1. I want to make sure I understand the PRE zone here: with the label point 7 angstrom from the Cα of residue 90 toward its beta carbon, which residues in the range 44-75 have backbone N atoms less than 13 Å away?
2. List the relative contact order of the range 106-182 as a percent without decimals, with contacts defined as Cα pairs under 8 Å and 6+ residues apart.
3. Between residue 140 and residue 165, what is the label-to-label distance in nm when each label sits 7 Å out along the Cα-to-Cβ direction?
4. Grab the Cα-Cα distance for residue 121 and residue 177, subtract it from 0.36 nm times how many residues apart they are, and report the gain in nm with one decimal.
């Protein structure tokens, strides 16, 4: 008799548990299908940077659009693309293009820590008395950065841990930055 009562109680508990979980799973499934696009795009921000430097016979123009996905208020991940043109009159012209993977951490709202893996292709044409020469190479950089954040703007500095003065496109491992995301 006790074994029979145990089976009845176990079956009753099992039915209650199945009904509870099926209701919860159904509600989650409906929420995911009806709100999934809205929730995804609410967490996406677009931004990037634009640079212009013009001097006596020197021009440097860069455009770097980017997008990040805010996983939560503390962590975001994203990607960026980079396009650039550099010219020094009568010396050289360079065209640069590439992409980056970005990771951002905001331990507190005002502080932003970042890591960025950048891969760029550099195509340079040199002008000299002996004629014109060309070079093309890929440059990999891994930046660790920190900045002060106010609203959608972060100002800071980043450091290229893979910097090699003989192989790097950039002259210095430290690079200031301004990030803007909308």
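1. Under 13 Å, as judged by backbone N against the label point of residue 90, lie 57-58 of the range 44-75.
2. Reported as a whole number, the value is 26 percent.
3. 2.3 nm
4. Length gained, residue 121 through residue 177: 18.1 nm.
None of the figures in this text is laboratory data; all of them are computed from the coordinates on show. A quick note: this is a predicted structure, and the numbers were derived from the prediction, not measured. Heads up, the Cβs are rebuilt from the backbone with ideal geometry, glycines too, and the neighbour counts pull from every protein chain shown.
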